Amino acid sequence: MPLTLSGPGIRRLSASGSDVPFVVRVATRNNDNARRADEVLLVDDYTAPSLEGYRAVLVRAPGKSRAYPPDTYLLDARYSYLTDGDVLRLDPPRRSINVLYRRSSRSNALLVTERCDNYCIMCSQPPKDADDAGVVDELLQAISLMDPGTEEIGITGGEPSLLGSRLIELVKALKQSLPSAAVHILTNGRGFARSELAAALGALGHPDLMLGVPLYSALPEDHDYVVQSKGAYDETIRGVLNLKRHRLRVELRFVIHRNTYAGLPMFAEFVRRNLLFVDHVALMGLELMGFARANLEQLWIDPVEYADELRAAIDVLDGAGVPCSIYNHQLCTLPIELHGFARRSISDWKNEYVAECDECAKREACGGFFVSSKLRRSRSIRRYVASVGEEEAERG
Amino acid sequence: MALARPFAHRSAYAPPPGYRLLPFRFGQLDHARYLATNDVGEMVVLSRADVRAFVERRLDPSSSIYRELKAKHFLFDDDARVALDLLAIKARTRAEPIARLTALHIFVVTLRCDHACHYCQVSRQNEDRASFDMSWAHAERALQIAFSSPNTDLKLEFQGGEPLLNFSLIRRIVDRSLELNAAAGKNLTFVIASNLSRVTDEVLAYCRDHGIAFSTSLDGPQDLHDQNRPLPGRSSHAVTMAGIAHVRRSLGQDGVSALMTTTEASLSRAEEIVDEYVRCGFDSIFLRSLSPYGFAAKKGLLRSYSVEDWLAFYRRGFERILEVNRGGRVFREEFATVLLQKMYDPQGTGYVDLQSPSGMGIGALVYNYDGRIYASDEARMLAAMGDDTFVLGSLEDATFRSIMVSDQLADVLDTTLLESAPMCSDCPFLPFCGADPAFHQATSRDLLGHKAFSAFCEKQMGVLRYLIGLLHESASDAGTIMRGWIRSCP
């Protein structure tokens with residue numbers, strides 16, 4: 001179900017309020033909690049003369065205007081999904097809201113920086129050279145407000161390894177505050193070419209940590225072109241080797257588009273020969289956001305056109321015992337023998353289904369679409385009709 | 001959208017001019033193509049013109065052959081020196097299993113036998129001579145040696161003659177090894193190599209309870225098998241069939257595996273032999289060649305056919321096996337599987353008879369009924385012909401350590417390192433091959449032999465050319481079938 005997670009979303013109703021951003025956890029009237037100073041009360045309307053210990057109040061549908069206590073804000077309807085336990089960053093002067101964490105979601109990710117030392121031609125989160133020194137402090141505060149029972153959380157950017165020791169600090173905070181959470185860090189791996197960072201991360205002893213590292217070819221000339229940085233391939237692979245030397249789990253991620261699909265079989269052979277110790281390989285469909293949207297004509301290819309290459313790559317990897325998956329592909333765009341490798345990989349807040357999906361027999365198993373995919377879709381999108389033959393053909 | 005900086009064209013990331021060669025070997029694959037291989041078993045098939053251009057540094061970096069050679073680490077240029085780190089990791093990985101040392105320990109519990117196979121390599125003795133049995137004292141010393149091996153895998157194999165004629169000793173050895181393993185904690189497996197004529201319910205009950213599997217001989221359909229392996233008064237094929245069924249009833253379908261031996265009579269019947277194995281419910285066959293030991297050598301069977309005859313037999317058997325696979329049944333050829341593991345598995349194969357340096361001693365040890373310790377199965381056969389080159393010691397006084405550091409073993413290992421052996425060191429098939437010092441000692445009185453005159457080398461190259469040719473035939477499904485075999489290997 002698509003959601004908006006950030007942008008304009010609050011308007012001050014009170015006469016006065018904070019002129020700097022702040023991080024709070026959402027509480028509703030039911031929540032009787034001792035940490036009100038770090039919480040924002042979310043209600044339909046608010047009539048009390050004071051905040052009663054809360055940091056701020058968010059109102060969905062105010063009645064006739066009145067004198068609200070300071071830091072009372074009107075919440076835009078797009079954020080009506082917010083509920084107890086969610087963690088927000090409110091920026092009253094900019095009238096903006098940033099949903100950092102939703103307690104009910106399996107797709108929470110911490111955006112730790114927008115800087116990046118790659119410049120991928122299909123980047124869905126184009127880098128910005130902003131000064132984001134304060135971001136980590138805000139995230140540390142947010143982590144302390146998250147549900148201790150959280151089961152999974154991601155770290156993303158930009159390039160998280162640019163944080164250096166602050167990245168270590170973040171992972172340590174996650175280990176302490178969210179002891180049950182599996183942590184998945186998306187990184188180009190280059191920062192780990194220096195073994196000190198890999199050593200420091202390994203020394204934390206996090207019980208469930210995986211680093212997802214993009215690699216777009218067996219050859220540096222191809223990979224460096226896709227990430228628009230000479231020397232990136234060399235550093236990325238050195239980073240992977242260092243991470244594995246320190247017993248950290250690594251996943252390789254290959255985004256399939258017109259500039260990479262032909263190299264899929266060679267990539268799989270290369271992984272089998274040289275990087276057999278990686279923990280997972282994800283072959284991923286394109287998300288049409290950011291640079292991918294800007295470069296659409298150069299990048300877009302209908303998945304049915306690379307079915308042979310995809311099949312060959314999975315065959316090599318699976319045959320070598322490497323756990324592998326296909327992400328971001330609808331089942332109707334894949335050969336049936338690959339359906340067992342497809343995962344429901346799209347984050348909930350940018351995930352949707354289309355009309356053909358309504359009566360589709362495989363809807364439950366299928367991950368559906370990115371919201372952004374409405375720009376370009378495969379010609380093979382269709383509903384599956386349940387039949388005996390199809391069930392037998394499915395992989396166990 | 002306004003970009004912070006524009007995207008550069010692909011040409012901005014092209015490799016810098018000038019590449020350097022990484023270590024490789026090359027040679028002719030067939031009349032049209034060359035084969036290049038490196039130390040870690042990767043291979044490239046290319047034209048003669050491409051070989052020259054490659055070596056003369058004239059390859060165009062945008063060409064597909066350049067890209068393949070670079071991805072497989074036959075060349076490197078300045079934009080990815082991490083290639084050297086990867087190559088080093090692969091080389092260490094491939095060499096690592098050597099240090100695990102001896103996993104296979106063969107106990108020749110008796111030389112007595114009830115069959116009279118023409119090609120018998122152990123020069124069997126008749127059943128009733130008990131002086132050809134191993135003593136318990138020797139068996140116990142052998143177990144001490146076996147458990148001193150640092151390998152976490154230990155396979156105890158019982159051979160003879162017919163080992164079931166001394167089943168009481170097998171039982172004592174297995175019991176004692178399980179006792180020793182309570183402290184040692186190794187992965188222990190047991191196999192009895194038997195003609196199955198002496199299999200009883202009592203024997204099978206013990207084997208079932210102690211995880212012992214059987215290996216037997218099946219040379220082909222009945223007339224062929226009986227001709228090769230005469231059994232006075234009976235059909236040995238019928239005995240084998242009954243034995244297989246009997247074993248499977250107790251130990252399951254996988255309780256017994258089979259090996260075939262090729263004789264002149266087999267050469268025209270490759271398809272029938274494969275069909276016989278399929279009919280009997282096996283999922284693989286090892287198409288073996290005739291070895292130059294034992295009665296076979298005495299009777300001049302070695303000269304009875306040429307390597308070319310055997311290669312034609314192998315190809316026909318292999319073709320039949322591919323047909324079986326196309327029909328939907330996964331059925332492996334074992335020799336090809338060993339070679340495929342050398343091509344595709346990062347640690348190669350543990351198959352003792354195809355290693356560099358040879359697997360003698362460090363891969364296998366044979367404890368003979370008379371107390372002598374041999375470096376391999378073939379070494380025992382050679383000794384039976386009067387050549388003691390590969391006797392490593394005696395169960396009276398040897399220890400695992402004394403065997404491993406002995407000059408005798410060191411000489412063999414030293415000489416059989418193919419990377420420094422004449423002709424082998426230049427051969428593109430080296431990573432898929434191994435030393436067979438017993439064969440060369442038997443046929444030319446030299447540990448390495450002269451490869452231009454070696455039937456072993458001719459056979460190896462014949463099979464490898466054939467298999468590599470099949471793997472590179474894009475129109476054929478043979479490659480897919482073969483890669484499926486190593487996928488299903490444990």
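The values are calculated or read from the model by the stated rules, or taken from the named source; none is laboratory data. Fair warning: this is a prediction, and the values are worked out from it, not measured in the lab. When we count neighbours, we look across all protein chains shown, and the Cβ atoms used for this are built from the backbone with ideal geometry, even at glycine. Areas reflect the complete protein model, heavy atoms only, side chains present, ligands, DNA and RNA absent. Shrake-Rupley method; radii C 1.70, N 1.55, O 1.52, S 1.80 Å.
The figures follow:
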item	result
Two-decimal Rg/Rh across segment B:1-125, once Rg and the Kirkwood Rh are taken from alpha-carbon atoms	1.30
Relative contact order (%) - chain B, alpha-carbon pairs under 8 angstrom, separation at least six	15
Where trypsin sites (Lys or Arg not before Pro) fall in DSSP loop in segment A:1-30, at most 16 other Cβ within 10 Å	A:Arg29
³J(HN,Hα), Karplus 6.51/-1.76/1.60, whole Hz, each residue of segment A:112-127, x for Gly, Pro	8, 6, 9, 7, 8, 9, 9, 8, 4, 5, 10, 4, 8, 9, x, x
20 Å binning of all Cα-Cα separations within the protein assembly as shown, expressed as whole percents from 0 upward	12, 36, 30, 17, 5, 0
Chain A - Rg over Rh from alpha carbon coordinates, Kirkwood radius	1.00
Radius, Kirkwood style, for segment B:26-93 when every pair of distinct Cα atoms is counted (Å)	12.7
Interchain or long-range residues, amide H under 5 Å from B:Arg332's placed H	B:Ser284, B:Ile285
Ordering of B:11-21, B:325-335 by burial proxy (mean other Cβ atoms within 10 Å per residue, highest first)	B:325-335, B:11-21
Positions from segment A:238-267 whose accessible area shrinks by 10 Å² or more when the full protein complex is built, not the chain alone, probe 1.4 Å	A:Arg238, A:Leu241, A:Arg245, A:Asn259, A:Met266
Folded to 0 to 90 degrees: helix A:133-145 orientation relative to chain A principal axis, Cα	80
Sites excluded, GluC sites (Glu not before Pro) in DSSP loops with at most 14 other C-beta within 10 Å, longest stretch of chain A	A:152-358
Whole-Å distance, taken between Cα centres, linking segment A:255-297 and segment B:222-246	57
Carbon plus sulfur fraction of accessible area for segment B:345-441, probe 1.4 Å, in percent	49
Sequence-distant residues sharing a close amide H with A:Ile155 (under 5 Å, placed H)	A:Leu110, A:His184, A:Ile185, A:Leu186
Interatomic Cα distance distribution for segment A:183-326, bins of 5 angstrom, percent	2, 10, 19, 22, 20, 15, 9, 3, 1
Karplus (6.51, -1.76, 1.60) ³J(HN,Hα), θ = phi - 60°, over segment A:148-165, in Hz, Gly and Pro reported as x	x, x, 3, 9, 8, 7, x, 10, 9, x, x, 10, x, 5, 5, 6, x, 5
Nearest 10 degrees, 0 to 90: helix A:307-319 Cα axis against chain A principal axis	90
Directionally averaged shadow of segment B:432-490, computed from the convex hull of its alpha-carbon atoms, nm²	5.1
Under 14 Å, Cβ to Cβ, from A:Gly9 - net charge with Lys/Arg +1 and Asp/Glu -1	+4
Residue-normalised accessible area of chain A, expressed per residue, 1.4 Å probe, Å²	42
For segment A:98-226, fraction of C-alpha pairs farther apart than 25 Å, in %	25
Accessible area buried between chains B and A, both sides summed, probe 1.4 Å, in Å² to nearest 100	3100
Size of segment A:1-95 as Cα extents on the principal axes (Å, biggest first)	37, 27, 26
Descending semi-axes in whole angstrom, ellipsoid equivalent of segment A:297-396, from the Cα gyration tensor	21, 18, 13
Alpha-carbon centroid distance for the pair segment A:154-182 / segment A:215-230, whole angstrom	27
Buried on assembly, segment A:110-158 (at least 40 Å² less accessible surface than by itself, 1.4 Å probe)	A:Tyr119
Mean Cα-pair separation over length for chain A, i.e. relative contact order, pairs under 8 Å, 6 or more apart, %	13
Volume of the Cα convex hull of segment B:19-60, divided per residue and given in Å³	69
Neighbourhood net charge (12 Å Cβ-Cβ; Lys/Arg +1, Asp/Glu -1) for B:Ser236	-3
Calculated P(r) of segment A:259-300 - Cα pairs past 11 Å, %	72
Under-5 Å amide H pairs with A:Tyr101, H placed in peptide plane, nonlocal only	A:Val87
Set of lysines with alpha-carbon distance to A:Lys230 below 27 Å, sequence-local pairs under 8 removed	A:Lys128, A:Lys244, B:Lys70, B:Lys72, B:Lys90
Estimated vicinal HN-Hα couplings, Hz - segment A:342-351 in sequence order (Karplus 6.51, -1.76, 1.60; Gly, Pro = x)	6, 10, 7, 9, 7, 4, 3, 6, 10, 10
Average beta carbon contacts from partner chains per residue of B:71-82, 10 Å cutoff	5
Stokes-Einstein D for segment A:54-165, Kirkwood Rh over Cα pairs, 20 °C, 1.002 mPa s (µm²/s)	132
Nearest-ten-degree value, helix B:334-344 long axis tilted from longest Cα axis of chain B	30
Proportion of all alpha-carbon pairs of segment B:169-240 beyond 16 Å (%)	57
Value of Rg to Rh for segment A:226-300 (Rh from inverse mean 1/r over Cα pairs, i.e. Kirkwood)	1.00
Average beta-carbon neighbours from other chains, 10 Å sphere, peptide A:269-282	3
From the C-alpha gyration tensor of segment B:129-173, square roots of 5λ in Å	22, 12, 8
Inter-centroid distance (Cα atoms) of segment B:168-208 relative to segment B:325-375, Å	22
Within segment B:176-296, percent of DSSP bridges classed antiparallel, to nearest 5	10
Per residue value of the accessible surface for segment B:182-239 (all protein chains in place, 1.4 Å probe), Å²	41
Shielding score for A:215-221, defined as the mean number of other chain Cβ atoms within 10 Å	6
Binned Cα-Cα distance frequencies in chain B - 20 Å width, integer %	21, 53, 21, 4, 0
Formal net charge of residues neighbouring B:Ser64 (Cβ-Cβ distance under 12 Å; K, R +1; D, E -1)	-1
Antiparallel %, DSSP beta bridges [both residues in chain B], to 5	40
Equivalent ellipsoid semi-axes, segment B:87-243, via Cα gyration tensor eigenvalues times 5, rooted, Å	31, 20, 15
